[in-house]
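Here is the structure we will look at, set down as C-alpha cells.
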Amino acid sequence: MRKRKHACLFYMDEKENKHFEKQLAVTGLKKSELLRKLILKTDIQPKPSEDVIQIYRLVSTIANNANQMAKIANATGYVDPQKVDGLLIMVDKCWQLMKRIC
C-alpha cells in the first residue's frame, strides 16, 4: 500500500521545465523527491562531487581500520606496523584528495 495517496499532474512551459531538469541534475533527486522538498520548503543541497564521495569513503575506511587496530591493540597489546603504515597511506591519499578539491 502506498504511503502517499494523492497524485498531482501539472504543466510547465519550456523555460520552467529546463530549470526543473537542471535542479534535478544538480541535486541528484528524483522528480517527486525534489517537488516534495520544494513544497515543504526544506533545504535542497547539490549532490556531492565524485571527489567528495571518494573522500567520504576513504574517511569511513580509515575510521573502520583504526577501530579494528585499536580493538586488536587492546586485546593483544600489539599492532602490526604494516597495518599502521597502510592506514597512514590512506590518510595521505585522503589528504591529497582534499587539497586537490579545496
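The values are calculated or read from the model by the stated rules, or taken from the named source; none is laboratory data. No experiment lies behind these values; they were computed from the predicted model shown. Quick reminder, even Gly has a Cβ in these numbers, built from the backbone with ideal geometry, and neighbours come from all protein chains shown.
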Item to check | residue 62 vs. criteria more than 19 Å from the chain's Cα centre (by Cα), among the β-branched types (Val, Ile, Thr) and part of a helix (DSSP H, G or I) | outcome: no
Item to check | From 60, 32, 49, residue being at pLDDT below 90 and loosely packed, with under 13 Cβ neighbours inside 10 Å | outcome: 49
Next on the checklist: For a quick check of your reading of the model, give me the residue pairs whose first member lies in region 5-27 and is without any contact (Cβ under 8 Å) to a residue 40 or more places away in the chain, whose second is β-branched (Val, Ile, Thr), with beta-carbon atoms closer than 9 Å and at least 6 apart or on different chains.
Outcome noted: 23/44; 26/44; 27/44
Checklist entry - Has region 65-79 got at least one residue that is more than 22 Å from the chain's Cα centre (by Cα), assigned to a loop (DSSP other than H, G, I, E, B) and surrounded by 12 or more Cβ atoms within 10 Å (Cβ to Cβ)? => result yes
Checklist entry - Which of the following residues is aliphatic (A, V, I, L, M), in a helix (DSSP H, G or I) and either in contact (Cβ under 8 Å) with a residue 12 or more places away in the chain or over 28 Å from residue 3 (Cβ atoms) (or both): 97, 38? => result 97
Checklist entry - Taking the condition part of a helix (DSSP H, G or I) and assigned by TED's automatic domain parsing to the domain that holds residue 86, does residue 54 pass? => result yes
